[in-house]
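The values are calculated or read from the model by the stated rules, or taken from the named source; none is laboratory data. Since this is a predicted model, take the numbers as computed values, not measurements. Here the Cβ is made from the backbone with ideal geometry for all residues, glycine too, and neighbour counts use every protein chain on show. Keep in mind that these areas ignore ligands, DNA and RNA; they rest on the heavy atoms of the full protein, side chains included. Shrake-Rupley method; radii C 1.70, N 1.55, O 1.52, S 1.80 Å.
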Amino acid sequence: MVSQEHPPSRRAIRGRILSFTDDPAVVDGEGSYGYWEDGVVVVEGGTITALGDANAILPQLPSDVEIDDHSGRLVLPGFIDTHIHYSQSRIIASYGAQLIQWLEKYTFPEEARFADPEYAAKCADFFFDELLRNGTTTAAVFCTVHESSVETFFAASERRNMCMIAGKVMMDRNAPEALLDPPGSNGAAAGFEASERLARKWHRRGRQYYAVTPRFALTSTEAQLEACKALMDAFPGAYLQTHLAEHRDEVEAVIRQFPRARNYTDVYDRAGLLGPRAIFGHGIHLDDDELRRLHQTRSVIAFAPSSNLFIGSGLFDFERTVDGAHPVRVGLASDVGAGTSFSMLRTAADAYKVMQLQGQNLTALRAFYLMTLGNARALGLENRIGTLEPGSEADIVVLDGSGIPALKQRLAACDGDLAEEIFAIMTLGDDRAVAATYIAGSLAHTAQRKTSG
Ligand SMILES: [Zn+2]
C-alpha cells in the first residue's frame, strides 16, 4: 500500500552520479562502480528506468518529464543503516556508562515510556525526519517490547513509503518488569504471539519487512530464543536481529548464563537462529570458531563504530572478520542511541578511525559501497535497493558539501579526484552535506524544505 501526498510520476534527476556494482576491495577500482560526471537517473512509478550520460538520455525524454537539476552535486543510492534503535533517539549522547550500565541507567527507563502510543508516535516521526535529513532511506530497526511501538513505527514508515525492517524487542528476563514479555511459564509464548500478530500484519506489506528481535541473549530465556526460531520458520523472508559479543562484560555474563553453550554465538546457534537473514549487532569479541559458524551460515554482523567507541565496547577487527580465514558478511550501522550520529557519513568516518587504530585502511570507495550496495547485500535487498541500476527502487540521496566551510575548502583542493573528494565528504560531512533525499522517486527531504508524508 502506498499513501504518499505526491504519487511518484516520471522524473529525471541530473547530477554527478555514483553507483556501485561491486565491492571495490574485491573488484579492483573502476570495475566496481559506475560514475557519470554529468549523468541522469530516470524514475518512473518509483522505479529507476534509465541511468547514464545526461547528453544521451535527456534528449530522448518526453518534454513533460520533470527534471531535478542537481548538476555539480553527487547523486547516490540512499544510505542504508543495518542496526538502529528508534526508541533511543532521545537518549543519544548520554554520559558515562558502558554497555550493561548504559542499558540499565538510560535505555530501559526511556524504552518504558513507549508504552504510551502517543509518545511512540512522536518519537517515530522524529526518527524518520532525522533519517531523511541524513540521507538514510532504509534501516533495520529495533522498536521496544511494546506491540504498539511496532504498530506505530510501521504505520509511520508506510506513510512515507520507506523500505524498513523492524520488529518488537523480545525480553523475558533480566530487564525491568515493565519491559518484560509477560512473566512466568507463558513469558516466551506471549512474546511469540505479539510478534506473530505483528509479522502477519506488516511483513512484506508495501516496502516493510518484519524482524524477529530478541534484544540479546542475556534478556531471553532459551525458550524465548526457540520461539524466535519458530517465528523465523513461520515467516519466510523475515529477519532475525539481535546483539552479539558487543562488550567483554556482556560476553562473560552470557557464558555464565548459558553454561551448555560453547561460546556466545553458540547460544544463538543452538536455537537455530544463525542464517543469511540474521543480523548480529557488533560481533567484536568473537573467537575463530564463532567466525567460522557465522561464515558457514552466511550470517551478518552489523559493524557500528560510533557506538563501539562511545560505549567503550572495543575495536571491531574488520579485516579479520570480512577478509579473514572465515569471511563474514558485514554491514555498517549507526546503532543510535549508543551510536552518536544518525549520519552514515559520520559512521563511516568512525569506521575509518577504528580501522586506523588497528593498522587497517578503509578506502572511501569501499566506505560508500558499504553505505549503499554493501549494506543492501548484507540485508539481502540488493535486487531492490542500494544501486541506481534500472529496475532498482528509486531511493536516492544528493550530496553537496558546499554548505560546510571546511569541507568546501577541502573539496576545492581535491581537483576533481573522486576518491579524494568522497573521502573528504565522509570525513567532514554530516546531515549538512545532504541536499536532498528521494523515497521511491518522490522528494522526501531537501535542505531547504521538507515534504514528509
Ligand atoms: Zn543496538
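Couplings 3J(HN,Hα) of region 231-238, computed from phi: 5, 4, 5, 7, 10, x, x, 6 Hz, in residue order, whole Hz [Karplus 6.51 cos²θ - 1.76 cosθ + 1.60, θ = phi - 60°; x for Gly and Pro]. Computed in the context of the full set of protein chains, the accessible area of the chain at 1.4 Å probe radius has 49% of its extent on carbon or sulfur. In this structure, the amide hydrogen of residue 73, modeled 1.01 Å from its nitrogen in the peptide plane, lies closer than 5 angstrom to those of 16, counting only residues at least 5 positions away or on a different chain. Based on C-alpha pairs under 8 angstrom that are at least 6 apart in sequence, the chain has a relative contact order of 20 percent. Using the Karplus relation 6.51 cos²θ - 1.76 cosθ + 1.60 with θ = phi - 60°, the per-residue 3J(HN,Hα) values for region 290-297 come to 5, 4, 4, 5, 5, 5, 4, 8 Hz, with x marking Gly and Pro.
Taking all Cα pairs closer than 8 Å and separated by 6 or more residues, the relative contact order of region 79-342 comes to 20 percent.
Its alpha carbons give region 115-155 an Rg and a Dmax of 10.3, 29 Å. Taking θ as phi - 60° and the Karplus parameters 6.51, -1.76 and 1.60, the scalar couplings of region 264-272 work out to 4, 4, 5, 4, 6, 4, 4, 7, x Hz in sequence order, x denoting glycine and proline. In the context of the full protein assembly, residue 353 retains an accessible surface of approximately 100 Å², using a probe radius of 1.4 Å and ignoring ligands and nucleic acids.
Taking amide H atoms as placed 1.01 Å from N in the peptide plane, the amide H of residue 50 lies under 5 Å from those of 42, each 5 or more residues away in sequence or on another chain. With each label modelled as a point 7 angstrom along the Cα→C-beta vector, the residue 248-residue 30 pair spans 4.8 nm.
With contacts taken as Cα pairs under 8 Å and at least 6 residues apart, region 67-184 reaches a relative contact order of 28 percent.
Pair-distance distribution of the chain: all C-alpha pairs, bin width 10 Å, starting at 0; shares per bin in whole percent are 5, 22, 33, 25, 12, 3, 0. For the chain, the share of DSSP beta bridges that are antiparallel, to the nearest 5, is 45%. Annotation: amide H of residue 78 within the under-5 Å range of 386, 395, 396, 397, sequence separation 5 or more or interchain, hydrogens built in the peptide plane. In the calculated pair-distance distribution of region 98-251, the portion above 20 angstrom amounts to 48 percent of the Cα-Cα pairs.
When the P(r) of region 79-342 is calculated, the portion above 28 Å amounts to 26% of the C-alpha pairs.
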